[in-house]
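**Q** Got a structure here, written out as structure tokens. Questions coming.
Read-outs throughout are calculated quantities, based only on the coordinates presented, and are distinct from any laboratory measurement. Because the structure is a prediction, the values reported are computed rather than measured. Note that we place each Cβ from the backbone using ideal geometry, even for glycine, and neighbour counts take in every protein chain shown.
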2 protein chains.
Amino acid sequence: MSDIETLPMNSVSELGARSKAASRVLASVSTSQKNSALQMAAESVLDSAEGILDGNQKDVDTAREMNVDELTIDRLQLTEKRIRSMAEGLRKVTALPDPVGEIVDDWTRPNGLKIRRVRVPLGVVAVIYENRPNVTSDTFGLCLKSGNSALLRGSSAAINSNSAIVGALQCALSQAGLPSDSVLLVEDTSHETAIKFMQLNGYVDCLIPRGGRSLIESIRENATVPYVIDGDGNCHVYVDEHADFSQGIEILVNAKTQRPTVCNAAESLVVHASVAQSFLPLAVKALQGVEFVGDEISQKIVPEIAAATDDDFSTEYLDLKLSVKVVDSLGDAIDHINETGSGHSEAIITSDVANAEEFSMRVDAAAVLVNASTRFVDGEEFGFGAEIGISTQKLHARGPMGLEQLTTNKYIVNGMGHIRG
Amino acid sequence: MSDIETLPMNSVSELGARSKAASRVLASVSTSQKNSALQMAAESVLDSAEGILDGNQKDVDTAREMNVDELTIDRLQLTEKRIRSMAEGLRKVTALPDPVGEIVDDWTRPNGLKIRRVRVPLGVVAVIYENRPNVTSDTFGLCLKSGNSALLRGSSAAINSNSAIVGALQCALSQAGLPSDSVLLVEDTSHETAIKFMQLNGYVDCLIPRGGRSLIESIRENATVPYVIDGDGNCHVYVDEHADFSQGIEILVNAKTQRPTVCNAAESLVVHASVAQSFLPLAVKALQGVEFVGDEISQKIVPEIAAATDDDFSTEYLDLKLSVKVVDSLGDAIDHINETGSGHSEAIITSDVANAEEFSMRVDAAAVLVNASTRFVDGEEFGFGAEIGISTQKLHARGPMGLEQLTTNKYIVNGMGHIRG
């Protein structure tokens with residue numbers, strides 16, 4: 001650890017302290033000042049396009065030298081179009097309502113004490129993420145609008161891209177008269193520093209990991225600051241005995257194939273036994289190119305379905321693969337989903353109102369969808385404007401996290417010399 | 001670990017699984033059924049008074065054998081009166097509004113998707129606590145009313161008391177037709193089991209520690225489930241240059257001495273330099289019996305004030321001791337409080353509205369009080385009816401945690417075959 005400590009002005013705890021100090025200033029900055037800083041940040045990103053692309057090219061070259069797969073390189077690669085889209089993202093945040101200062105609730109106690117519950121920024125929002133350099137500016141935008149400083153730790157693969165983007169953002173902050181420390185990047189991308197980043201107690205108010213299962217496991221193991229898990233999406237589509245088949249097929253195809261690599265894509269099909277014989281062949285036909293694994297009954301109905309292991313039913317494939325389970329009742333479907341799901345997004349296809357209601361009430365997930373694709377569960381589609389992630393835990397935020405989820409409450413109590421008897 | 005695993009029906013993970021299963025049932029139980037179970041629980045606690053007192057006597061005898069101090073024994077000791085008060089607590093919860101099922105928000109998207117945000121139980125609420133057997137029934141009451149199962153791990157010192165209380169509660173649950181596993185006590189009070197208790201991923205939805213600093217540290221080190229910290233209260237009373245002295249003295253005396261051992265008691269007095277000379281002597285006189293430590297200026301003004309160390313300003317004494325700091329401005333007071341405080345409850349005494357406003361906005365704490373005692377910051381005084389703790393973190397819940405803070409949200413999305421384009 002000692003070599004980290006001696007990095008001048010750059011040790012993780014030094015960055016944490018600076019981020020905290022900036023957050024104290026941001027907490028009382030006006031909406032218009034935040035919006036004008038966001039506009040300047042958008043300009044600055046565009047003006048710095050050349051430098052950002054240069055930095056990005058270094059990252060891409062390094063990735064190619066290391067024989068990284070093309071999908072990963074595509075996620076890493078920036079283009080002028082992607083930079084314009086980053087700037088556009090910052091501008092869009094200016095149009096969103098500022099959650100800070102909202103009086104969530106107020107009341108007067110019988111003794112005359114006046115209590116207000118006010119929405120305030122979290123303080124320092126720390127985000128640890130993999131590749132995708134646009135996360136850098138998106139996160140900054142949402143954090144600034146909600147009055148938080150952003151303390152970022154991207155991957156080593158994107159270090160030059162992220163560094164150039166943060167430089168552009170800091171430049172805009174200074175121009176706007178706000179602390180440039182409102183966004184800080186941890187440039188030491190070692191594993192040891194990542195662990196230290198997860199343990200910045202006293203500095204970090206909320207840590208949000210955005211990445212795969214190993215990152216989430218590392219957070220659970222190592223983090224000592226409060227965090228929100230943006231976890232797996234092992235999402236199910238359940239076709240009820242009273243389902244409209246054509247709706248069911250359309251939704252299933254959309255949920256599975258429209259963008260298979262994201263967390264709100266479907267990973268498993270659950271079918272009521274009374275319609276399995278007729279629905280499954282249609283599903284397999286409609287989902288050509290998708291690999292199917294299923295339980296014994298489903299295999300008997302459609303020979304193209306291979307045998308599923310128990311693990312399959314708990315797996316988020318993020319790929320053109322789907323597990324199939326036939327159940328005897330709505331209750332069995334709910335139990336199966338609650339047992340194997342990850343609490344993200346779960347859909348039922350049914351024309352029976354009572355079944356829809358029972359499914360909605362008893363399925364334990366951030367979002368339950370009735371006759372709609374699981375793909376709708378994100379901040380944009382919900383109308384939050386943008387999101388910093390989709391929480392699969394129940395504390396603080398559940399489901400898409402927009403600006404409101406980047407705030408907390410403060411109680412302000414006004415008395416006239418009140419003492420407790 | 002293997003010896004724990006083989007404890008039949010009693011291993012921590014077995015208890016976690018049973019608690020989870022019970023929570024699935026509780027999530028859709030009606031308010032009236034929960035209320036009648038709470039009434040029966042109150043009856044059952046009274047009916048079991050003899051057994052509970054017997055169990056408690058064993059705990060007290062053991063504590064005396066181990067030469068435990070009288071204050072701790074007082075917290076452990078049950079009496080008929082305290083048992084009646086436990087039953088009364090359960091009855092009071094029946095009168096509180098049921099937060100479950102509330103539609104927090106609903107809207108329709110331009111594409112016709114209808115989205116409802118509904119309040120639902122967390123699931124399994126795990127509480128780890130020290131002594132005070134009444135926490136057992138209080139926690140159960142709040143958890144049941146909010147549709148959660150309670151998974152409890154009390155201290156070894158109170159094991160016989162807790163076991164008898166949980167027995168009485170489980171008996172009432174069975175009578176009421178609810179799963180008796182809705183409240184479960186981990187009877188193995190070893191350290192290893194406590195660690196396992198903090199790592200019940202997949203079973204525990206929210207862990208709430210109620211205890212001292214070492215428990216909190218252990219949670220930060222070891223917990224892998226989501227938790228809410230009910231932490232220290234290093235609360236300040238700041239006497240502004242525009243303070244009404246008699247109000248200031250009354251509030252200070254109340255905040256420091258009305259119940260010095262609780263988290264919302266004041267631990268530090270901050271005084272504006274322009275009034276220190278006149279206010280400090282009054283404060284020391286009014287707080288006879290309280291030990292004072294302070295900075296150099298305060299020592300010069302009042303010789304009874306001993307020298308404070310830096311540590312003093314960050315210490316929650318929970319005792320008749322007060323640290324004193326003289327500051328040159330409101331801004332310095334705010335900075336000092338933000339640096340040394342624990343984010344619990346902070347009071348300002350002032351008749352200047354602008355100063356009150358600035359203090360309220362810029363002090364970073366769960367509760368800020370203007371001309372009122374810090375002692376008001378708890379669930380009862382806020383009108384929440386009861387509380388399961390006072391959160392000093394910013395995620396999920398901040399400040400007193402009542403029934404609402406024992407819930408989360410679920411989004412229910414209704415479509416008509418909606419797919420994403």
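**Q** Residues with amide H under 5 Å of residue A:227's amide H, sequence separation 5 or more or different chain, H placed in the peptide plane at 1.01 Å from N; which?
**A** Amide H neighbours of residue A:227: A:207.
**Q** Continuing with this model, one more query. What gaps in nm, shortest first, separate residue A:318 from its twins in the other copies when you place the label 7 Å past Cα toward the beta carbon?
**A** Going from nearest to farthest copy, the values are 4.5 nm.
**Q** Measure nothing but the geometry: give the 0 to 90° angle between the long axis through the Cα atoms of B:245-257 and the longest principal axis through the Cα atoms of chain B, rounded to 10°.
**A** Computed tilt is about 40 degrees.
**Q** Take every residue in peptide A:216-223, count the Cβ atoms of other chains within 10 Å of its Cβ, and give the average of those counts.
**A** 2
**Q** Okay, moving on. Hey, which of these cross-link pairs are over 18 Å Cα-Cα: B:92/B:145; B:34/B:92; B:300/B:325; B:58/B:196; A:394/B:114?
**A** Pairs exceeding 18 Å: B:58/B:196; A:394/B:114.
**Q** Separate question: Post the alpha-carbon centroid distance, region B:359-383 to region A:219-235, in whole angstrom.
**A** After rounding, the separation between the Cα centres reads 31 Å.
**Q** Could I ask something else about it? If packing is taken as the mean number of other Cβ atoms within 10 Å per residue, what is the order of A:359-370, B:209-220, highest first?
**A** A:359-370, B:209-220
**Q** So what's the convex hull volume per residue for the Cα atoms of the protein assembly as shown, in Å³?
**A** Expressed per residue, the convex hull around the Cα atoms of the protein assembly as shown is 174 Å³.
**Q** Follow-up question, since we're still on this one. Need one number for chain B: average projected area of the convex hull over its C-alpha atoms, nm².
**A** Convex hull of Cα atoms, orientation-averaged projection: 25.1 nm².
**Q** So, one more: Sum up the charges of everything whose Cβ sits under 13 Å from the Cβ of residue A:309, counting Lys and Arg as +1 and Asp and Glu as -1, but leave residue A:309 out.
**A** Net of charged neighbours comes to -3.
**Q** What whole-number distance in Å separates the alpha-carbon centres of region A:124-163 and region B:100-150?
**A** The distance from the Cα centre of region A:124-163 to that of region B:100-150 comes to 32 Å.
**Q** Still on this structure: What size of dipole, in debye to the nearest 20, comes out for the protein assembly as shown about its Cα centre when the only charges are +1 on Lys and Arg C-beta atoms and -1 on Asp and Glu C-beta atoms?
**A** 1740
**Q** May I ask for the Kirkwood hydrodynamic radius of region B:235-381, worked out over all distinct Cα pairs and given in angstroms to one decimal?
**A** When all Cα pairs of region B:235-381 are included, the Kirkwood radius is 14.6 Å.
**Q** On to the next question. Could you work out [θ]222 nm for chain A from helices alone, using -39500 (n - 2.57) per DSSP H run of at least four and dividing by all its residues? Round to the nearest 500 deg cm²/dmol.
**A** Per the formula, -13000 deg cm²/dmol.
**Q** Ranked by Cβ crowding within 10 angstrom, fewest neighbours first, how are B:235, A:206 ordered?
**A** A:206, B:235
**Q** Next question. Let me confirm one metric for peptide A:170-181, namely the mean number of other chain beta-carbon atoms within 10 Å of its residues' beta-carbons.
**A** Mean partner-chain Cβ count within 10 Å for A:170-181: 0.
**Q** Right, here's the next one. Sort shortest first the distances from residue B:72 to its counterpart in every other copy, using label points 7 Å along the Cα-to-beta-carbon line, and give them in nm.
**A** In ascending order, 5.4 nm.
**Q** Partner chain Cβ atoms within 10 Å, averaged over the residues of A:396-403 - can you pull that number for me?
**A** Mean partner shielding for this stretch: 3.
**Q** Still on this structure, I have one more. Return the sequence-ordered ³J(HN,Hα) values of region A:352-362 in whole Hz as given by the Karplus equation 6.51 cos²θ - 1.76 cosθ + 1.60 applied to θ = phi - 60°, using x for Gly and Pro.
**A** Those phi angles translate into 9, 5, 5, 5, 4, 5, 5, 4, 4, 6, 8 Hz.
**Q** Using the alpha-carbon atoms, what tilt in degrees (0 to 90, nearest 10) does helix B:49-65 show relative to the longest principal axis of chain B?
**A** In chain B, helix B:49-65 runs at an angle near 50 degrees to the longest axis.
**Q** Quickly rank A:387-397, A:326-336, B:39-49, A:281-291 as a protection proxy: mean count of other C-beta atoms within 10 Å, highest first.
**A** Ranking, from highest mean packing down: A:387-397, B:39-49, A:326-336, A:281-291.
**Q** Let me ask you something else. Between residue A:31 and the same site in the other copies, what are the distances in nm, shortest first, taking label points 7 Å from Cα along the C-beta direction?
**A** Copy-to-copy label distances at residue A:31, shortest first: 3.4 nm.
**Q** So, in Å, what gap is there between the alpha-carbon centers of region A:287-327 and region B:4-83?
**A** Each part reduced to its Cα centre gives a spacing of 46 Å.
**Q** Let me ask something else. So for chain A, averaging the separation of alpha carbon pairs under 8 Å that are six or more residues apart and normalising by length, what relative contact order in percent results?
**A** 17 percent.
**Q** Within region A:73-155, report the GluC sites (Glu not before Pro) that DSSP leaves as loop and that have at most 16 other Cβ atoms within 10 Å.
**A** Loop-located and lightly packed - A:102.
**Q** Something else now. Order these by the 10 Å Cβ neighbour count, fewest first: B:113, A:144.
**A** By the 10 Å Cβ count, ascending, the order reads B:113, A:144.
**Q** Sequence gap at least 6, Cα distance under 8 Å: using those rules, report the relative contact order of region B:185-326 to the nearest whole percent.
**A** Taking the mean separation of contacting Cα pairs over the length of region B:185-326, I get 21 percent.
**Q** Something else now. Tell me the relative contact order for region B:296-366 as a rounded percent, counting alpha carbon contacts under 8 Å between residues six or more apart.
**A** 27
**Q** Residue-wise, which Karplus ³J(HN,Hα) couplings in Hz belong to region B:299-309, taking 6.51 cos²θ - 1.76 cosθ + 1.60, θ = phi - 60°, and x for glycine or proline?
**A** Karplus values, whole Hz, x for Gly and Pro: 5, 5, 6, 10, x, 5, 7, 7, 6, 8, 8.
**Q** For residue B:391, which sequence-distant residues (separation of 5 or more, or a different chain) have an amide H within less than 5 Å of its own amide H, given hydrogens modelled in the peptide plane?
**A** Answer set, sorted by chain and number: B:399, B:401.
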